[in-house]
Amino acid sequence: MQSQMISRQRKRSVEVTGSCCTHGGTSHGAGIQGVDLFCGAGGLTAGLENAGIKVRLGIDVDPACEYPYTENNNAQFLLKSVEEVSSAQVRKAYGSADFRLLAGCAPCQPFSTYSQAWSCQSDKRWNLLEHFSRFVLETRPHLVTMENVPPLAREKVYANFTTVLRNEGFEVFDDVVNCADYGVPQERRRLVLLASRLGPIQMISPTTPKGQRIVVRRAIGDLPPLEAGQASKDDPLHKASRLSRLNLARIRASKPDGTWHDWHKNLRAACHQRKSGKTYSSVYGRMSWNHPSPTITTQFYGFGNGRFGHPKQHRAISIREGAILQSFPREYKFVPENGVIRIRTIGRLIGNAVPVKLGAVIGKSIVLHVEKWRNG
């Protein structure tokens, strides 16, 4: 299967309310066609497609991405490391596009605050942004976008990347945005870069600023109740991880937006009772109905991995709930019908994804920029 391209038609539309663009009577995102590097399960591609941009190809080295990417998006999938992809393959994917978009989100783990304790520049993933630069130089896209964790902006590899863009004649916009400001029911801060050879470019204004944000209750409050270890009969992905007897007692003692400090000391983990662990209050917590969720990580399905306890039910949030909080449509498929639900694998795909609604906002910003350039 390695290096094989697969193309499937979507069986149902993937929509993000209010995200589609048909400004100025143009179609297909003002003639923009894109390639999505490090495409994952398709969050960025789905968002760009909802904005009217035709994504022709997604590239990822993880075989678990193939099914959700091709099943939910109108794009081909190339199972291959970007280190082994030729510029000719990318240029061919663009076809006869009026405007070529190179998009992607290089794996963020080397730069994430969650992994700084073990991450170092010897991690091979540090070099992936250099391959992004290679494709910029060798395929000469008109437009570039990238999403990643904020700490990346402090690294030399990022400074080198933006220098390449500017030397190639791109105007560069980059800023740290809160996804909750753009319709994602989640507090998720991300570095977003937009670059264009056509002129200055920027993100559109927040669509859901403070006071209008989508909260957890609105996002997942109507899903059927579950117990820990249970799955819904109607949606196999609405499945919650099991809890040990101790963790079940802990979540029963937990309050929304509270911490393990609320527990009786007999329930507290030994590491938290030591002086060095008393400040780690962001684990073993419940979400609040009345706020966006915390950042959905690749381990959101585990109660002890963060503030991932359901606001009311005695369990961690389900795989489907995590996907919804990442703004994937409820019908987004991650495994074939009757396929095996591997919580750890699907959780990784969901946690690593670009939120679909953020992708749609990025796409809309690009479409408006191109149409403004076309209209003089």
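The values are calculated or read from the model by the stated rules, or taken from the named source; none is laboratory data. As the structure is a computational prediction, the values presented were derived from the model and not from experiment. Every residue, glycine as well, gets a Cβ built from its backbone with ideal geometry; the counts of neighbours run over all protein chains shown. The area values use the complete protein model at the heavy-atom level, side chains included, leaving out ligands, DNA and RNA. Shrake-Rupley method; radii C 1.70, N 1.55, O 1.52, S 1.80 Å.
Couple of notes before you dig in:
- Helices (runs of 4 or more DSSP H) wholly inside the stretch 294-376 that include at least 2 residues being open to solvent by 20 Å² or more (accessible area, probe 1.4 Å) and of a type outside the set (Asp, Glu): 343-352, 356-374
- Any chance Pro151 is of a type outside the set (D, E, K, R), touching a strand residue (DSSP E or B) at 6+ places or on another chain (Cβ under 7 Å) and either assigned to a loop (DSSP other than H, G, I, E, B) or open to solvent by less than 40 Å² (accessible area, probe 1.4 Å) (or both): no
- Tyr284 of a type outside the set (Gly, Ala, Ser) and open to solvent by less than 10 Å² (accessible area, probe 1.4 Å): no
- The residue that is farthest from the chain's Cα centre (by Cα), among those in the stretch 192-201 that are surrounded by 14 or more Cβ atoms within 10 Å (Cβ to Cβ) and not hydrophobic (A, V, I, L, M, F, W, C), is Arg197.
- Just one of the numbered conditions (1) surrounded by fewer than 24 Cβ atoms within 10 Å (Cβ to Cβ); (2) modelled with pLDDT of 95 or more; (3) out of contact with any helix residue (DSSP H, G or I) (no Cβ under 8 Å at 6 or more places or on another chain); (4) of a type in the set (S, T, N, Q) is not true of Asn290: (3).
- The set of residues in the stretch 75-109 being surrounded by fewer than 17 Cβ atoms within 10 Å (Cβ to Cβ), in contact (Cβ under 8 Å) with a residue 40 or more places away in the chain and in a loop (DSSP other than H, G, I, E, B) consists of Gly95, Asp98.
- Residues that are part of a helix (DSSP H, G or I) and open to solvent by less than 50 Å² (accessible area, probe 1.4 Å), drawn from the stretch 160-191: Phe161, Thr162, Val164, Leu165, Cys179, Ala180, Asp181, Tyr182
- Residue in the stretch 213-235 that is farther than 12 Å from Ala180 by Cα, surrounded by 16 or more Cβ atoms within 10 Å (Cβ to Cβ) and touching a strand residue (DSSP E or B) at 6+ places or on another chain (Cβ under 6 Å) present: yes
- Lone qualifier among Arg315, Arg252 - being over 23 Å from the mean Cα position of the chain (by Cα), charged (D, E, K, R) and farther than 29 Å from Tyr67 by Cβ: Arg252
- Remark: Thr207 matches the filter, which requires a residue to be hydroxyl-bearing (Ser, Thr, Tyr) and within 30 Å of Arg218 (Cα to Cα).
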